[in-house]
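Everything below concerns the one structure shown next.
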Amino acid sequence: MSATGIYGLSGSGIDVDSMVKVGMLTKQNEYDRMYKKEVRQEWTKEAYANLYSDLTTFTTSTMSKYKLSSTLNPQTVSSTKSEVATATANADAPAMTHYVNVKSMSSNAYLLTGNEGIKRPDSEKDGSIYLRDLIDTSKLGETGLKFTVADGSKVTDEETGEEKLKTVTVEITYDQIMKNNQTLNDLASAFNNAGLNIKAVYDANNDSFSLYNINGGSDNGVYIKADDDAAVQMLGNLNLHRMNVEADGTSSLGIDAMKFTGTYEETLSEESLNIDASAVSYDEESRTYSGLTINGKEATIELDAGEPDVATVTIDGTSYAASFSRGEDGSISFNMNYSVDTKGTATTTVAYAFTLSNSDGGYSAEGTATTTLTDTDKMNGMAGKDASVTVDGKEYTTNTNKLTVSNVTYSFMGVGTSTMTVSQDTEKLVENVKAFVDDYNKLLDKLNDMYNEQKYSDYDVLTESQKKGMTEEQIEKWEEKAKSGLMYHNEYVGKLISDLREAVYTPVESVDGKYHTMMSLGIESKTDRGHLKIDEDKLRKVIAEDPDIVYQMMGNLDKDDDYNKNGVVQRVSDVANKSMKSIKSYAGSTTEVADGSSLGKLIQDMQQKMSNFKVMMNAFESALYKRYDKMESAIQKLGMQLGYITGGQ
């Protein structure tokens, strides 16, 4: 109560509180009517918000997948040899046959501990995972272990503007090794955290360390340089070998472990020498062999008289220092550097090694030319390999075993040839049409349920005073009935139902051929409320006759957005979006009242009216108490006067 006091002292027997309550009854009933109207408006706004949410999901998620050509024109690809290649095709891929020849597979750069396992300087430490046990710790400087690492990616040199190899330094400090007892797992983590596409793994079960590039192809590799003696020893003891992958995908470890001596060494090529000794003769006095040809050029060999293993080989007028040794069979083996080309820190050397033999039939010779590269600033490692394939006679290379050509994505499984045939996936198409019908029916059925939901006129909004006399369960069941039928024969819901049905039934004018309606595809109403049913046999028959009919009927998007030319999917989406726009204008998209919507403003106006009315009620209640207070005072005075006259008797 807004006014309080002590009443009834006069002995009048008046129940003031009851009189005030009766006096307020008309006002309270008027306020309750406003309260119930405001609550029902909030319930209605919530119902609109739920509908808006359903339509949002329907347009942005459900309908969006049916706008994809891959949904309404799915393709399948068969392969005569799936062990060579498989493929998928999008809706724009023409139905035809493709011919694939996989010459070599793509592979990743991969360095792995060899069969001998990881080495430890102290045999008593075999199997230890601690980094300090893999090196001579006396070689550790203050910086510990330091490596320069690259994955083949390029960066632009800020000074020259030219592209160069991106390198990253990987470091493990002296304290981490000696005091923190870091292990091979920590070394792997250091490589993994370098920000490159290189993954390092220590396999404790097999005591093996590996480094590989997560991307395949010749542009991606694993390259390492040891920047100090301890790092050289660490990499050497990891016993890393190159993983060699052949064209057919078979693999094997390189025979020799990689060397990390601070100088990069690589054999670029090894070829047979074209050497002819059939016209060779030997002059004892000059100790010279003549009549020899090497790679088509005239050559002579002069043995040094003073040095037992030194010779001079002259090829096409140019002399080269050589060493030689004699075999037990009388043959002589020569070794010489034919060319040495140094550019910066890199040196390319072409070395000849050949053997000259003399038998009863005359002289013969054979040998090899080996080209090697040494570089004091280059990292050791390897690159991945590209896949080499031909598709329909055209050659392609790819750094993965996948390739997309003419809307067909091929996955290469092995070396060989395969014939790939692209055709429409009828079963998938029928499944997708059925899914559309199901999704459409779910929305339409839900809208029909809302539109025809029963109203219970005997169940009104409960006031707070009414709720006080009920349990939570009773309140919940009551309000369930009270909320029923909020959207009964709602104009927005009714129009949406009508427009959705029209979108499905109206002929699509842009379709070529004799089929223009969904009914002609075997899709028609099952009930008078528009619930659709599908005749699968009829649909398959129509698709067999006209493979593009479903895409044209359902997926067409007219460039001028002509309703009659748009496909059914676009029409249904447009209808839902238009309804959402109308709902948002009238009721907003959420339960938030202050959203500028018409219904939101009505609720705000009602809340303000209720607030003002409450102020008026409090003032009216106070006035009633004041009136009865005066009446009590008057009765009290009258009682006192009567007592004085009667002498208190």
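The values are calculated or read from the model by the stated rules, or taken from the named source; none is laboratory data. Bear in mind that the values here come from a model prediction, so they are computed numbers and not experimental data. Methodologically, a virtual Cβ is constructed for each residue, glycine included, from the backbone with ideal geometry; neighbour enumeration extends over all protein chains shown. All accessible areas refer to the heavy atoms of the entire protein, side chains included, with ligands and DNA or RNA removed. Shrake-Rupley method; radii C 1.70, N 1.55, O 1.52, S 1.80 Å.
Of all the criteria given as (1) buried (at least 17 other Cβ atoms within 10 Å of the Cβ); (2) farther than 23 Å from Leu112 by Cα, the one not satisfied by Leu187 is (2). Collect the residues in segment 420-438 that are open to solvent by less than 30 Å² (accessible area, probe 1.4 Å), of a type outside the set (Phe, Trp, Tyr) and part of a helix (DSSP H, G or I), keeping them in residue-number order. Leu429, Val430, Asn432, Val433, Val437, listed by residue number.
Go through segment 147-167 and give me each residue that's of a type in the set (A, V, I, L, M) and buried (at least 16 other Cβ atoms within 10 Å of the Cβ).
Of the residues in segment 147-167, the ones of a type in the set (A, V, I, L, M) are 149-150, 155, 165.
Correct list: Val149, Ala150.
Collect the residues in segment 596-613 that are surrounded by 13 or more Cβ atoms within 10 Å (Cβ to Cβ) and in contact with a helix residue (DSSP H, G or I) (Cβ under 9 Å, 6 or more places away or on another chain), keeping them in residue-number order. Residues satisfying the conditions are Ser597, Leu599, Gly600, Leu602, Ile603, Met606, Gln607, Lys609, Met610, Phe613. Scanning segment 160-186 for residues that are more than 30 Å from Gly384 (Cβ to Cβ) and in a loop (DSSP other than H, G, I, E, B) returns Thr173, Lys179, Asn180, Asn181.
Within segment 329-346, residues that are more than 19 Å from Thr314 (Cα to Cα) have Cβ atoms under 7 Å from residues that are open to solvent by 60 Å² or more (accessible area, probe 1.4 Å) and assigned to a strand (DSSP E or B) in these pairs: Gly330/Asn358, counting only partners at least 6 apart in sequence or on another chain. Would you point out which residue out of Ala351, Ala311, Ala321, Ala365 is in contact (Cβ under 8 Å) with a residue 40 or more places away in the chain and part of a strand (DSSP E or B)? Among Ala351, Ala311, Ala321, Ala365, only Ala365 is in contact (Cβ under 8 Å) with a residue 40 or more places away in the chain and part of a strand (DSSP E or B).
Listed by first and then second residue, the pairs with beta-carbon distance under 8 Å, at least 6 apart or on different chains, first residue in segment 56-67 and more than 23 Å from Asn90 (Cβ to Cβ), second in a helix (DSSP H, G or I) and of a type in the set (A, V, I, L, M, F, W, C), are Thr56/Met580; Phe58/Leu443; Phe58/Ala576; Thr59/Ala576; Thr59/Met580. For Lys428, the test of being modelled with pLDDT of 95 or more, closer than 21 Å to Val569 by Cβ and not small (Gly, Ala, Ser) is failed.
Tell me whether segment 175-195 contains one or more residues that are over 35 Å from the mean Cα position of the chain (by Cα) and acidic (Asp, Glu).
Here is the first cut: in segment 175-195, the residues over 35 Å from the mean Cα position of the chain (by Cα) are 175-181.
Remaining after also requiring acidic (Asp, Glu): 175.
Yes, segment 175-195 contains a residue that is over 35 Å from the mean Cα position of the chain (by Cα) and acidic (Asp, Glu).
Residues in segment 476-490: is at least one open to solvent by 40 Å² or more (accessible area, probe 1.4 Å) and of a type in the set (S, T, N, Q)? Within segment 476-490, not a single residue is open to solvent by 40 Å² or more (accessible area, probe 1.4 Å) and of a type in the set (S, T, N, Q). What are the residues in segment 297-316 that are open to solvent by less than 70 Å² (accessible area, probe 1.4 Å) and either among the small types (Gly, Ala, Ser) or in contact with a Pro (Cβ under 7 Å, 6 or more places away or on another chain) (or both), if any? Ala299, Gly306, Ala311, listed by residue number.
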